[in-house]
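Just so you know, all these numbers are worked out from the coordinates, no wet-lab data involved. Quick caveat: nothing in here was measured; it's all calculated off a predicted structure. Cβ coordinates were reconstructed from backbone atoms using ideal geometry, including for glycine residues, and neighbour counts include every protein chain displayed.
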Amino acid sequence: MAKNYRIAVIPGDGTGPEVIAEGMKVINAASKKFGFKIKFTSYDWGGTRYLREGSIMPEDGSEILKKYDAIYLGAIGRPDVPPGILEKGILLKLRFELDQYINLRPVKLFPGVESPLANKKPEDIDYVVVRENSGDVYTGMGGVAMKGTPNETATQVMTYTRAQVDRCLKFAFEMARKRHSKKKPWRGLSAEDIAAGKTAQLTLCGKSNVLTYVFDMWNRALNEMAPKYPEVKINYSHVDAITMWMVKNPEWFDVIVTTNMFGDIITDLAAMTTGGMGIAAGGNLNPEGISMFEPIGGSAPKYTGKNVINPLAAILSGAMMLDYLGEKKAAAAIEKSVAYLTEHKLKSLSAGKMGYSTTQVGDLVAKNL
Ligand code: IPM
Ligand code: MN
């Protein structure tokens, strides 16, 4: 029997609705081709609703979303709303309330895309960042004292529990194993690693020389879990150093696991090495619950309503969603269709410079499935 999926859609602000429309177009085309059913239900939550009604989303919004198989989100953010309100009021709220504790961000250079890194080819930039998505400074622990005086003191605390660390590392180890389950060794491994039976690689990115308590815990957890995954070679890199290697030697990486804030920062850098926000997809995952798929980029107010924004990041996030739901063939076909476009059609990934409009890009991906 054909599977039937129910998806909650939050197009959001700015160019969010434009890119999500193309994503839904492509998913609908894939559903016809690969024989599954999909029903989208849209919610107008976000900054525009906030300015109109004074509330970003209903109080029980997370409960409403729990009835769906997945959530597909465009972008949240408006220049006329002060920073923090919308981010905390919907994006972070949903990530926390639905306990989407993994933020999975693939870093993949598509064929035909010119990386700002000289001489790097698609085979050189192909890794994933597993960003922990439930802890760190994002929990909002902290406070302010003596506000408005010269002694004003503000804190915002990096917090991690061992349970948060363990569940994130488990996901990252499984991801490394899955990416090389066919025993094709990751090329970043040395001859010695391969002789020792390693096929996959996992790099923990931290700052153990300064954040000694937090990364002592992460490193111990990593080393304690490693024997369960004998085929996975583990590495550690400081966050400042990893930004150098991501630029100089991206081919070293296969799976990078890191904390919430470091993951936020390094995935913008990573996205840039693959052609920018136009193509950077992501998923906020709760492997035991409901997950939310969204392009990494923002609401791009400057390009709103012009039919020039690149919808590929949203389309690829849609493919991630299908993959996650179990529609592996459909997801792979969308990725392939995107790769065909980047290699043979698009002049650039930047808004207004693609050589095609937003809707035309969606049409092309759908047509070439
Ligand atoms: C991201 C964004 C968010 C984050 C902001 C909008 C709160 O930058 O998804 O990377 O920091 O996680
Ligand atoms: Mn970010």
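Taking every full run of DSSP H in the chain, the ones that stretch at least 18 Å from end to end by Cα along their long axis and average 1.0 or higher on the Kyte-Doolittle scale are 312-325. Rounded to whole Å, give me the distance from the Cα center of the range 334-369 to that of the range 4-47. Result: 18 Å between the Cα centres. Dipole size of the chain about its Cα centre, with +1 on Lys/Arg Cβ and -1 on Asp/Glu Cβ: approximately 1140 debye, rounded to the nearest 20. Taking 0.36 nm per residue of separation and subtracting the Cα-Cα distance, full extension of the segment from Asn209 to Asn4 would add 68.8 nm. Direction-averaged projected area, Cα convex hull, the range 228-368: 10.6 nm², rounded to one decimal. Estimate the FRET efficiency between Asn307 and Lys182 by the formula 1/(1 + (r/R0)^6), using the beta-carbon distance for r and 30 Å for R0, to the nearest 0.05. Calculated value: 0.15.
Hand me the GluC sites (Glu not before Pro) from the range 1-101 located in a DSSP loop with no more than 12 other Cβ atoms within 10 Å, in residue order please. Taking the range 1-101 and a limit of 12 other Cβ atoms within 10 Å, the loop GluC sites (Glu not before Pro) found are Glu59.
Cβ-Cβ distance of Glu174 and Lys248, R₀ of 30 Å, FRET efficiency by 1/(1 + (r/R0)^6): the value works out to about 0.55.
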